[in-house]
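The values are calculated or read from the model by the stated rules, or taken from the named source; none is laboratory data. Keep in mind that what you see is a predicted model, and the values were worked out from it rather than measured. All Cβ positions, glycine included, derive from the backbone under ideal geometry; neighbour counts span all protein chains shown.
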Amino acid sequence: MESMSYQPLIAPSILSADFARLDREIARIPSADWIHVDVMDGHFVPNLSFGAPVAKAVSAVTDTPMDCHLMIEDPARWVGDYVDAGAYSVTFHVEATDDPASVADLLHSKGCRAGVSVKPGTPVEPYLGLLDHVDLVLVMSVEPGFGGQKFMPDVLDKVRTLRAEIDRRGLDVLIQIDGGVDATTIGACAEAGCDVFVAGSAVYGAPEPDAMVQALRAEALDARA
């Protein structure tokens, strides 16, 4: 029965797109469920990417929901900028704040979906109480900061823990995975309990990015069935 109701969401990361033509790159993935925008500040992670102005530009050229992943310090200070830029969902790192619940509540007060993310080395058990405050948990399957890294299968244990707890409590919280997701790894992610799949290199490195979006969704559906 679950396979009939299961709707995997594919969120291509524009970190792997051609930055000089983002509007056209987004137009190449009409089947995407969300557009994933990786925001890096050069402090929380050792790389620099987009900020709120680019997120606003992305939002202006697509009706596809924009999913912003903030790999930044002091997220409470900045989340409002991404809500104002048109984000459908904003995810921040538990490692970047002493009070993740209040940041999530702040996002909800601004009418935005809230997500929390954990790095590969961060256990999820201490944060299960946050499930009452968030709409999404992003499990990083690579170290955040750079695209094109190799998938870390060990993190799927965290996904299983989250899936069991979310189902046990009957919560409407999505599990997202990001890092090294492609046609060879998405099946295991779906089986473990993931709902949302961020794929950058796999999508934008394909000859037909939108065909890859559809292929990844089909792989996830097959695995869950």
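See the values below:
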read-out	value
Residues satisfying the stated conditions in the range 42-77, i.e. of a type in the set (S, T, N, Q) and either surrounded by 24 or more Cβ atoms within 10 Å (Cβ to Cβ) or in a helix (DSSP H, G or I) (or both)	S59
Residue that is farthest from V134 (Cα to Cα) [pool: residues in the range 83-98 that are touching a residue at least 12 places away in the same chain (Cβ under 8 Å) and surrounded by fewer than 17 Cβ atoms within 10 Å (Cβ to Cβ)]	D84
Residue count for the range 169-201, restricted to those that are closer than 19 Å to V116 by Cβ and either among the small types (G, A, S) or surrounded by fewer than 16 Cβ atoms within 10 Å (Cβ to Cβ) (or both)	6
Matching option when the condition is on the phi > 0 side of the Ramachandran plot and either in a strand (DSSP E or B) or surrounded by fewer than 18 Cβ atoms within 10 Å (Cβ to Cβ) (or both), among G148, G115	G148
Residues within the range 20-41 that are more than 19 Å from the chain's Cα centre (by Cα) and either in a helix (DSSP H, G or I) or modelled with pLDDT under 95 (or both), tallied	5
Among the candidates A20, A27, residue that is under 30 Å from R224 (Cα atoms) and aliphatic (A, V, I, L, M)	A27
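Residue-by-condition table, conditions (1) closer than 20 Å to P12 by Cβ; (2) surrounded by 18 or more Cβ atoms within 10 Å (Cβ to Cβ); (3) of a type in the set (D, E, K, R):
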site	(1), (2), (3)
P126	no, no, no
G129	no, no, no
S141	yes, yes, no
D154	no, no, yes
D157	no, no, yes
